[in-house]
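Take a look at the structure set out below.
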Amino acid sequence: MASQSGSIIGLAGRYASALYELSDEQKALDQVADDLRGLNAALAESDDLRRMVRSPVTSRTEQQNAMSAIADKAGMHGLTKNFVLVLARNRRLFVLNQMINAFLDLLAEKRGEVTAEVTTARPLDDSALAKITDAIKKTVGAQARVETKVNPDLLGGLVVRLGSRMYDNSLSSKLQRLELARRELVDGNSGSRDFCNPEK
């Protein structure tokens, strides 16, 4: 499993680096990055799209046609469209999300930015997003780009990922910690009774 994960990360990095170099040469980094963010958002919101890019039974042609239609509808830059079509042709769409994240991380690194991924139970309004962005900038002391995601399973609060660091302030996480503490308390009390009364 670890080897497979490492292979996916390496594959994503190679594709991302190639796309970055081409985008840089054509002075299209911002356009391609915006296209990829939009595509990432579409992947997060559409179960059908996620199934299509991950399905081993969907044909190469079907994937190419679907991604071509999505690129045209979104008005993607030619580089972005070619990128996703190459992935479809090479049967690599199943790691599209990882490749997009690798590209955005590389772009942020080159620009000295910090990319913060903020996941909330409900979409953030402009005011809340501005406050969170300001707080993140003060925390990291650097230029920060905030990427937002929605995950209703969080119930409330938010989860912030800064590189490999994770800050989880979600309600679901708090409930999980409470449940874990409750179980430890119950197990601990049970153990104490057994220790004091070995026959029970």
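The values are calculated or read from the model by the stated rules, or taken from the named source; none is laboratory data. Since the model is a prediction, treat every value here as computed from it, not as a measurement. All Cβ positions, glycine included, derive from the backbone under ideal geometry; neighbour counts span all protein chains shown. To get the accessible areas, we keep the full protein, side chains included, count just its heavy atoms, and leave off ligands, DNA and RNA. Shrake-Rupley method; radii C 1.70, N 1.55, O 1.52, S 1.80 Å.
Tell me which residues, restricted to the range 118-144, are touching a Ser or Thr at 6+ places or on another chain (Cβ under 8 Å), open to solvent by less than 90 Å² (accessible area, probe 1.4 Å) and either farther than 27 Å from R14 by Cα or touching a residue at least 40 places away in the same chain (Cβ under 8 Å) (or both).
Those that are touching a Ser or Thr at 6+ places or on another chain (Cβ under 8 Å), open to solvent by less than 90 Å² (accessible area, probe 1.4 Å) and either farther than 27 Å from R14 by Cα or touching a residue at least 40 places away in the same chain (Cβ under 8 Å) (or both): V118, T119, T120, A121, L124, L129.
Looking at (1) closer than 30 Å to L155 by Cα; (2) assigned to a helix (DSSP H, G or I); (3) not acidic (D, E), which is the one condition that is false for L124?
Answer for L124: the failing condition is (2).
Given the conditions (1) more than 16 Å from the chain's Cα centre (by Cα); (2) open to solvent by 30 Å² or more (accessible area, probe 1.4 Å), report the number of the one that S173 does not fulfil.
(2)
Among the residues of the range 26-74 satisfying the criterion of being surrounded by 13 or more Cβ atoms within 10 Å (Cβ to Cβ) and of a type in the set (V, I, T), which is farthest from A108 (Cα to Cα)?
It comes out as T58.
Can you confirm whether the range 80-92 contains a residue that is in contact with a Pro (Cβ under 9 Å, 6 or more places away or on another chain), more than 30 Å from A144 (Cβ to Cβ), open to solvent by 30 Å² or more (accessible area, probe 1.4 Å) and assigned to a loop (DSSP other than H, G, I, E, B)?
yes
Taking the range 147-172 only, how many residues are part of a strand (DSSP E or B) and free of Cβ contacts under 8 Å to residues at least 60 places away in the same chain?
Summing the residues that are part of a strand (DSSP E or B) and free of Cβ contacts under 8 Å to residues at least 60 places away in the same chain in the range 147-172 gives 10.
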